[in-house]
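K.L.:
I am attaching a structure below and will ask some questions about it afterwards.
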Amino acid sequence: MSDIDCDVLIVGSGIGGLTAAIAARVAGLRPILVEKQHLVGGSSALSNGALWLPNNPLMIREKVHDSRDAALTYLGNFVADDDPGSSLARRGAFLDGVAPVVALLEAQGIPLQRCEGYSDYYDLLPGGNAAGRAIEVRLFDANLLGPWRRRLRPQSFRTPARASESAELSQMGASWEGKAKTVQVLMRALDARLRGKALLSAGAALQGRMLLAALNRGCDIRTNAGLEELAERNGRVTGAVVNFDGWKRRINAHYGVVVAAGGFSHNRGMRARWQDPLVDPQWSSANPGDTGEAITAMARVGAALGWMNEAWWVLNFPGGGKSGSHRIVPELHKPHIILVDQAGRRFVNEAAPPMEVGRACLERNRKVPALPAWAIFDSRHRRHYSFGSALPGRTPRAWLRESHLRRNATLEGLARQCGIDPGGLEGTVTRWNTMAMRGIDEDFGKGRSAYNRYYGDGGHVPNPCMGMIAKPPFYAAPLVPGDVGTCGGVLTDEHARVRRADGSAIEGLYATGNCTAPLAGPHCAGTGQSIGSSAVFGMIAIRHLVR
Ligand SMILES: Cc1cc2nc3c(=O)[nH]c(=O)nc-3n(C[C@H](O)[C@H](O)[C@H](O)COP(=O)(O)OP(=O)(O)OC[C@H]3O[C@@H](n4cnc5c(N)ncnc54)[C@H](O)[C@@H]3O)c2cc1C
């Protein structure tokens, strides 16, 4: 086995890995970034590309009110001060890393903008911010990557739409603003095609820009190169054994190793060991490299683990056929739709953050069958709003023919078709309709928060998230708790150092992103939390290792 030498070995080419690579070059180091797949970008490239960065410089420039204290208070809603995965010091370090990470990206020429109005997920909690703390990159022409263009993980959807445009796009069948935004995005796509641009948005634009910046900085990026084992000497991590397409080589890392290798969504064994046995890894939308062996490698050198039972849950509609499965989020915020268990009862605010709704399904299922849970909606929902890939008013016949989506003239008939208790469903819908007329959800508060309303129908009164389910035909879609990645992993401290169970740091070993225990415990504080914190701790790791 021959050796390669570098200053720092970075494992994984998601947002955490690429941020660390750029930070390392800026610090004058010689990093090697290894990515086990042939494509660069990780789940980060498939995502909406938003970075949740409280009190960020863009907010300050635009005079949007926020503060470090408010953000710290906000994060404190989700985890105890002594949460081993997210100590107070770690949360503070994250907030202190926000301005430097924005400066780092901007110094590479990466243009950033705010996701205006994309509220924190829990804006009503102390410290919450309804104006939105997330930022995103501008669109990116992948041609700028030259030969590396083909090695960037492709975008998960076709249209070049930014995260901050998703709410307006979800209104394409309901408002003139939604229609205008749709036309704008289509024109943008057409214009790009005519000009020969390979226009990317969201996570693909983020990762395309990060990759370009890393290449411009002279980063050594090696694909088809997977970490197998960490190398240790006297309790210090000194490098790793990396498998280059079947050829193992030892990489010696003078300063240390930064692991940014994502979670374990597609690892059946780890899922079965740590998570609800009913969760099928096939429901995950994470990139195929999300297989967890880097977490295992860190555990082998003594890393303690936390929140391994958790994932970034999001409900999935297994549409089947060519259309595949669909993450269902804005659909549930709209009027004329509820989510019920198989007894026909609601059990959660449908417009709550996706992670909470997904977990609620799993928890409900322990008492009442709720796998699948059923989205129940009427013809007005179908006419005005998209559902998965089905545009407003256009329901794929195959979905109905193959019973992926059920349709019936009566609620009772619909319930029988789905195996839902008809009496339970009738009772729930009657109560829902009474509450919808007044616009107040006395049971779960749907439509109360700015985040609920962000994806609601602004033109619908009195509550943009509540409308009667009364106009036949009625529809039912089975939804299961999928995810966009697991979020449990090694415990890290405020310097991104990996910790042992006794709290001590493993010298030379750093980690960030989905292979670490998350910043807000089993909650997601706002869109882009995982991406924002992975970037910040990728940078912090490098700063600490060269200190
Ligand atoms: C469809 C989709 C939508 C999403 N939407 C959102 C959203 O709206 N908001 C949000 O906050 N998050 C979202 N996410 C989640 C978010 O993208 C991830 O949580 C985040 O990007 C993880 O970043 P990371 O730095 O941990 O690395 P990742 O992007 O997970 O990349 C890790 C990389 O490491 C590589 N790797 C793994 N093991 C090894 C090894 N042994 N050796 C070498 N390389 C290895 C993998 O192949 C992968 O390329 C979404 C994800 C998906 C898939």
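K.L.:
Just subtract the alpha-carbon distance of residue 216 and residue 113 from 0.36 nm times their residue separation and send over the number in nm, one decimal.
P.N.:
Length gained between residue 216 and residue 113: 34.9 nm.
K.L.:
Describe numerically, in nm with one decimal, the distance between label points set 7 Å from Cα along Cα→Cβ at residue 157 and at residue 190.
P.N.:
2.1
K.L.:
Rounded to the nearest 0.05, what FRET efficiency do residue 501 and residue 236 give with R0 = 22 Å and r taken as the Cβ-Cβ distance? Could you check?
P.N.:
The calculated FRET efficiency here is 0.75.
K.L.:
Find the centroid of the Cα atoms in the stretch 149-218 and in the stretch 386-438, then give the distance between the two in whole Å.
P.N.:
Between the Cα centres of the stretch 149-218 and the stretch 386-438 lies a distance of 33 Å.
K.L.:
Additional query: Taking 0.36 nm per intervening residue step and subtracting the Cα-Cα distance, what contour gain separates residue 245 from residue 62 on full extension?
P.N.:
The span from residue 245 to residue 62 would gain 61.1 nm if fully extended.
K.L.:
Here's a follow-up. Students often get this wrong, so check it: of 36/197; 36/248; 446/471, which have C-alpha atoms separated by over 19 Å?
P.N.:
The answer is 36/197; 446/471.
K.L.:
Another question, then. Which FRET efficiency value, to the nearest 0.05, do you get for residue 468 and residue 179 by plugging their Cβ-Cβ distance into 1/(1 + (r/R0)^6) with R0 = 30 Å?
P.N.:
My answer for the efficiency is 0.80.
K.L.:
List the trypsin sites (Lys or Arg not before Pro) in the stretch 275-381 that DSSP assigns to loop (not H, G, I, E or B) and whose Cβ has at most 11 other Cβ atoms within 10 Å. Which are they?
P.N.:
Filter output for the stretch 275-381: 366, 367.
K.L.:
I need the peptides 30-39, 43-52, 349-358, 273-282 ranked by packing, meaning the mean over residues of other C-beta atoms within 10 angstrom, with the highest value on top.
P.N.:
Result, highest mean Cβ count within 10 Å first: 43-52, 349-358, 30-39, 273-282.
K.L.:
Assuming R0 = 41 Å, can you tell me the calculated FRET efficiency for the pair residue 252 and residue 143, based on Cβ-Cβ distance, to the nearest 0.05?
P.N.:
After rounding, the FRET efficiency stands at 0.65.
K.L.:
For the stretch 318-483, what does the alpha-carbon gyration tensor say about shape, rounded, prolate or oblate, given a ≥ b ≥ c as the root eigenvalues, a/c under 1.5 as rounded, and a/b over b/c as prolate?
P.N.:
Judged from the Cα gyration tensor, the stretch 318-483 comes out rounded (a/c under 1.5).
K.L.:
Related question: Tell me, what ³J(HN,Hα) does each residue in the stretch 397-412 have, in order and in whole Hz, if you take phi through Karplus 6.51 cos²θ - 1.76 cosθ + 1.60 with θ = phi - 60° and put x for Gly and Pro?
P.N.:
After applying 6.51 cos²θ - 1.76 cosθ + 1.60, I find 4, 4, 4, 6, 4, 8, 6, 5, 10, 9, 9, 7, 6, 10, 5, 5 Hz.
K.L.:
Next question. Can you tell me how much longer the chain between residue 394 and residue 366 gets when fully stretched, taken as 0.36 nm per residue apart minus their C-alpha distance, in nm with one decimal?
P.N.:
Gain in length upon complete extension: 6.5 nm.
K.L.:
A follow-up question, please. Return one quarter of the surface area of the convex hull spanned by the alpha-carbon atoms of the stretch 59-110, equal to its mean projected area, in nm².
P.N.:
Taking the Cα atoms of the stretch 59-110, their convex hull projects to 4.4 nm² on average.
K.L.:
Over the chain, what is the percentage of antiparallel beta bridges among all DSSP beta bridges, to the nearest 5?
P.N.:
The antiparallel proportion sits near 70 percent.
K.L.:
Based on alpha-carbon positions alone, could you give the equivalent ellipsoid semi-axes of the stretch 157-199 from the gyration tensor, as √(5λ), descending, whole Å?
P.N.:
Those come to 21, 11, 6 Å.
K.L.:
Among 141, 245, 120, rank each residue by its count of other Cβ atoms within 10 Å, from fewest to most, as a rough exposure measure.
P.N.:
Listed from fewest to most nearby Cβ atoms, that is 245, 141, 120.
Taken together, the values in this text are just the output of simple stated rules run on the coordinates, not laboratory data. Everything numeric in this text was worked out from a predicted model, so none of it was measured. Don't worry about glycine lacking a Cβ; one is built from the backbone with ideal geometry, like all the others, and counts go over all protein chains shown.
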